[in-house]
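Below is one structure, written out as structure tokens, with a few remarks after it.
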Amino acid sequence: MIDTAVLIDVLEDDPAFGAASALALDARAEDGLTICPVTYVELAPAFEGQRALQEEFLAGVGIRFTENWTSEDTLAAFDAWNAHVRRRRRGEGSRRPIADLLIGAFSLRFQGLVTRNPADFRTAFPGLTLHDPSTSPPA
């Protein structure tokens, strides 16, 4: 699974993270790369809402974008959101967009998540393998 920020790094050739993110994708390409439907939606502004351009980019990088959301994903997201809101009510935790929790829940079915923001996922999904291209070499 690939988090949205990693794709934007590559798309925009980000000076700080673009090369590391591209290397992380290359290193995992053989295992198969995919994105969550939420990531597909989050990418829309980067392509000015032009699906054909977005899908051309994803295909060019070798990323599948048609993986279906399952009821298992919904249940994992439900549990993560409930736990997050409970932590926030106790004054713990940070503001996290629900999109991160949806992406994390979806990623549980796969071999991990490539993200520059592992802290956004670690508490909610302690069993999720996280790969941070900005701090570690690709595996």
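The values are calculated or read from the model by the stated rules, or taken from the named source; none is laboratory data. Given the structure is predicted, the values throughout are model-derived calculations rather than measurements. With ideal geometry, Cβ positions are generated from the backbone for all residues, glycine too; neighbour counts draw on all protein chains shown.
Name the residue, out of L43, L58, that is modelled with pLDDT of 95 or more, of a type outside the set (D, E, K, R), out of contact with any Leu (no Cβ under 7 Å at 6 or more places or on another chain) and surrounded by 11 or more Cβ atoms within 10 Å (Cβ to Cβ).
Exactly one residue qualifies, and that residue is L58.
Note down all Cβ pairs under 7 Å where the first residue falls in segment 4-15 and is closer than 12 Å to E42 by Cβ, the second is in a helix (DSSP H, G or I) and charged (D, E, K, R), and they're at least six residues apart or on different chains.
From residues that are closer than 12 Å to E42 by Cβ, the pairs are T4/E42.
Can you list the helices (runs of 4 or more DSSP H) lying wholly within segment 1-80 that have 2 or more residues being within 17 Å of F125 (Cβ to Cβ)?
Passing ranges, in order: 4-11, 37-43.
Find all pairs meeting these conditions: Cβ atoms under 6 angstrom apart; at least six residues apart or on different chains; first residue within segment 56-75 and at negative phi; second residue outside any loop (DSSP other than H, G, I, E, B) and of a type in the set (A, V, I, L, M).
I63/L33; F65/L58; D73/A105
Within segment 77-101, work out how many residues are in contact (Cβ under 8 Å) with a residue 40 or more places away in the chain and either within 15 Å of the chain's Cα centre (by Cα) or more than 23 Å from P118 (Cβ to Cβ) (or both).
Qualifying residue count for the region: 1.
Being touching a residue at least 40 places away in the same chain (Cβ under 8 Å) and within 19 Å of A99 (Cα to Cα) is the filter here, so list the residues in segment 16-40 that pass it.
T34, C36, P37, V38, T39
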